[in-house]
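Taking it in order: structure first as structure tokens, then the write-up.
The values are calculated or read from the model by the stated rules, or taken from the named source; none is laboratory data. None of the values given here were measured: they were computed from a predicted structure. Glycine gets a Cβ as well: all are built from the backbone with ideal geometry, and neighbour counts include every protein chain shown. Surface areas here come from the heavy atoms of the whole protein model, side chains and all, with no ligands, DNA or RNA. Shrake-Rupley method; radii C 1.70, N 1.55, O 1.52, S 1.80 Å.
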Protein chains: 2
Amino acid sequence: MSLDVASSVVGILGGTGDQGRGLAFRFAAAGHGVFIGSRSADRAASVAESIGHGVVGLDNAGCARAADVVIVAVPWEGHGELLTGLADDLAGKVVVDCVNPLGFDQLGAYALSVPDGSAAEQAARLLPDSTVVGAFHHVSAVLLADETVNEVDTDVLVLGDDRAATDLVQALVDRLPGMRGLYAGRLRNAHQVEALTANLISVNRRYKAHAGLRVTDVRLPS
Amino acid sequence: MSLDVASSVVGILGGTGDQGRGLAFRFAAAGHGVFIGSRSADRAASVAESIGHGVVGLDNAGCARAADVVIVAVPWEGHGELLTGLADDLAGKVVVDCVNPLGFDQLGAYALSVPDGSAAEQAARLLPDSTVVGAFHHVSAVLLADETVNEVDTDVLVLGDDRAATDLVQALVDRLPGMRGLYAGRLRNAHQVEALTANLISVNRRYKAHAGLRVTDVRLPS
């Protein structure tokens, strides 16, 4: 049985990007208070208005402070710098990293080597007073943002070293129609989950799909 | 539509291990000629007899020579040495690597760092005259070997740089009830697929499951 997280306020750093916008829409449509953050508060406010459903735009620091749980949905290139600057604002919070460090060349996408092992582990190092969880790496931004898609058919692999925090994030995933949050290991095993996005991009190209993942043989009490 | 691979003879190096035995049983039950290889031909013969369904045991070199398509299902520790010695026997063949380089400690499984990037890429380097494909990394050995399980509910991610070879391996996967072979990228993106097995081990522990993966939103012509 999921925790009751219906009153959790969700913040999304990089909430003006594709993934962030899609998650903002889904959480707001599920009844959550949602703040999206951007470098520019004006841009955040304008994107928030286009999302509707009561989403509010702020600068990233304001978004970090306003939310109970903060999702990091920025491009990998800006990940380290952004989190370094927000360590105080994010102290004491659960921070959900969904960043995929990928490179692209003429052969498609590939996993970048990350000094800390993964984006999630980099976040954990830069945010020593937060509890970092990895999740939402594989969810199609296209499907998230498509208001005609009522249910997004995917499990979400949730990674972390703190049971209370992974339980909380799984419960948040379970608020989104079609999606199911599954614990899938510790942060030290986040790299391959992030990197697998490169494979899903290959799947999408070959099959003209918006691929997600279901883990088979896992039955949860409901 | 899958290629017609019904007459392909399948060899399995390390066919006396759990994964190898399970794959041997499934391919033989699907009507394929199957050879399993082991360091000891006697041991291979005895395990082959216990599997039944016409499976034949040989030493690894004999198995490599006898088969059209050869699956590598040995422990990671012996992977490099075995393939180095079999390069000539495997020349001209499609070699399917399903080896997961993992370590285990008190916190569970974790991905090992592999100098070539992945076991599949190591195989490709050691077998310059073979065509290496990665597949079968996540299939539960327990479910494969369980004769009461009629269908193994999982997709198989197939990785490789040669379209004819990945098509062939996908078609072989499609011979196994319940399973579906999906192209999931080039060998340079094999590492994370191998490493993801550590996450599935975490899933299995948490949920008392034999987890597999389905890729959503991919519909194939049948």
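Looking for something at pLDDT 95 or above, within 10 Å of chain A (Cβ to nearest Cβ) and crowded, with 24+ Cβ neighbours inside 10 Å - is there at least one such residue anywhere in region B:119-142?
no
If you take the residues of region B:81-118 that are open to solvent by 20 Å² or more (accessible area, probe 1.4 Å) and among the charged types (D, E, K, R), which of them is nearest to the chain's Cα centre (by Cα)?
Here the residue is B:Lys93.
Determine, yes or no, whether B:Glu77 is away from chain A (no Cβ under 14 Å), farther than 29 Å from B:Val203 by Cβ and either open to solvent by less than 30 Å² (accessible area, probe 1.4 Å) or assigned to a helix (DSSP H, G or I) (or both).
For B:Glu77, the condition - away from chain A (no Cβ under 14 Å), farther than 29 Å from B:Val203 by Cβ and either open to solvent by less than 30 Å² (accessible area, probe 1.4 Å) or assigned to a helix (DSSP H, G or I) (or both) - is not met.
Restrict the check to region A:173-181 and report whether at least one residue is touching a residue at least 40 places away in the same chain (Cβ under 8 Å), among the acidic types (Asp, Glu) and either closer than 22 Å to B:His191 by Cβ or within 11 Å of chain B (Cβ to nearest Cβ) (or both).
Initially, region A:173-181 is screened for residues touching a residue at least 40 places away in the same chain (Cβ under 8 Å), giving A:174-177, A:179-181.
Next, only the ones that are among the acidic types (Asp, Glu) stay: A:174.
Those still in the list that are either closer than 22 Å to B:His191 by Cβ or within 11 Å of chain B (Cβ to nearest Cβ) (or both) too: none.
Checked against the condition, which is being touching a residue at least 40 places away in the same chain (Cβ under 8 Å), among the acidic types (Asp, Glu) and either closer than 22 Å to B:His191 by Cβ or within 11 Å of chain B (Cβ to nearest Cβ) (or both), region A:173-181 yields no hits at all.
When you go through B:Val139, B:Val158 one by one, which is the residue that is outside any loop (DSSP other than H, G, I, E, B), closer than 19 Å to B:Val5 by Cβ and among the β-branched types (Val, Ile, Thr)?
B:Val158
Please specify each residue of region A:144-189 satisfying the condition of being farther than 27 Å from A:Leu127 by Cβ and surrounded by fewer than 21 Cβ atoms within 10 Å (Cβ to Cβ).
Once the filter is applied, which keeps residues that are farther than 27 Å from A:Leu127 by Cβ and surrounded by fewer than 21 Cβ atoms within 10 Å (Cβ to Cβ), region A:144-189 yields A:Ala145, A:Asp146, A:Glu147, A:Thr148, A:Val149, A:Asn150, A:Glu151, A:Asp153, A:Pro177, A:Gly178.
When B:Glu194 is evaluated against the numbered criteria (1) at the interface with another protein chain (Cβ under 9 Å from one of its Cβ atoms); (2) under 13 Å from B:His137 (Cβ atoms); (3) part of a strand (DSSP E or B), which criterion, by number, is the only one it fails?
(3)
Got a number for residues in region A:10-40 being in a loop (DSSP other than H, G, I, E, B) and more than 11 Å from A:Ile71 (Cα to Cα)? First the steps, then the outcome.
Step one: of region A:10-40, the residues in a loop (DSSP other than H, G, I, E, B) are A:14-17, A:30-33, A:39-40.
Subsequent filtering for residues that are more than 11 Å from A:Ile71 (Cα to Cα) retains A:16-17, A:30-33, A:39-40.
Of the residues in that region, 8 qualify.
Find the residue count for region B:200-217, including only residues that are at the interface with chain A (Cβ under 7 Å from one of its Cβ atoms), under 20 Å from the mean Cα position of the chain (by Cα) and crowded, with 21+ Cβ neighbours inside 10 Å.
Matching residues across region B:200-217 total 5.
So, in region A:163-178, exactly how many residues are in contact with a helix residue (DSSP H, G or I) (Cβ under 9 Å, 6 or more places away or on another chain) and farther than 21 Å from A:Val215 by Cα?
The total comes to 0.
For region A:80-92, name all the residues that are part of a loop (DSSP other than H, G, I, E, B), small (Gly, Ala, Ser) and without any contact (Cβ under 8 Å) to a residue 40 or more places away in the chain.
Pass one, region A:80-92, residues part of a loop (DSSP other than H, G, I, E, B): A:87-92.
With small (Gly, Ala, Ser) added as a condition, the list becomes A:87, A:91-92.
Those that are part of a loop (DSSP other than H, G, I, E, B), small (Gly, Ala, Ser) and without any contact (Cβ under 8 Å) to a residue 40 or more places away in the chain: A:Ala91, A:Gly92.
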